[in-house]
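The values are calculated or read from the model by the stated rules, or taken from the named source; none is laboratory data. This one's a predicted model, so the numbers in the text were calculated from it and none came from an experiment. Reconstructed Cβ throughout: ideal geometry from the backbone, glycine too, with neighbour counts over all protein chains shown.
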Amino acid sequence: MENIEITSISSRGQIVIPQTLRNKMGIHEGEKFVVIGEDNTIVLKKLEMPSFNGVDKLLKKTRNFAKKKGIKTSDLEEAIKDIRKK
């Protein structure tokens with residue numbers, strides 16, 4: 001481990017991540033973490049938004065596929081209604 005810091009837990013169960021580590025890791029207020037605990041070890045894993053690179057390309061391919069197959073919006077709406085009835 002490169003940086004070792006000492007922190008404490010508050011009466012409300014809150015733990016402060018030291019400023020130096022927050023800066024180094026780009027952690028900002030309001031970000032979410034997964035907390036994993038086992039025995040005497042707790043691990044925090046920062047949650048990151050998935051990349052949406054390529055979504056536009058995928059949507060375009062999907063629209064072209066639907067157009068070639070003659071699928072209309074009304075067809076999709078009907079299929080959704082049928083599935084919801086089950």
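Select, from 35, 55, the only residue that is among the aliphatic types (A, V, I, L, M) and modelled with pLDDT of 90 or more.
Of 35, 55, the one residue that is among the aliphatic types (A, V, I, L, M) and modelled with pLDDT of 90 or more is 35.
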Practice item. List the number of the failed condition for residue 24; all other conditions in (1) within 20 Å of the chain's Cα centre (by Cα); (2) among the charged types (D, E, K, R); (3) surrounded by 10 or more Cβ atoms within 10 Å (Cβ to Cβ) hold. Key: (1)
**Study point:** Pairs where the first residue, in the stretch 73-86, is closer than 17 Å to residue 63 by Cβ and in the same structural domain as residue 63 (by TED's automatic domain parsing) and the second is part of a helix (DSSP H, G or I) and not acidic (Asp, Glu), C-beta under 9 Å, 6+ apart
**Key:** 75/66; 76/66
Point to revise | Residue check for residue 9: surrounded by 10 or more Cβ atoms within 10 Å (Cβ to Cβ) and at pLDDT 90 or above | key: no
Review point. Is it fair to say residue 61 is within 30 Å of residue 13 (Cα to Cα) and not hydroxyl-bearing (Ser, Thr, Tyr)?
Key: no
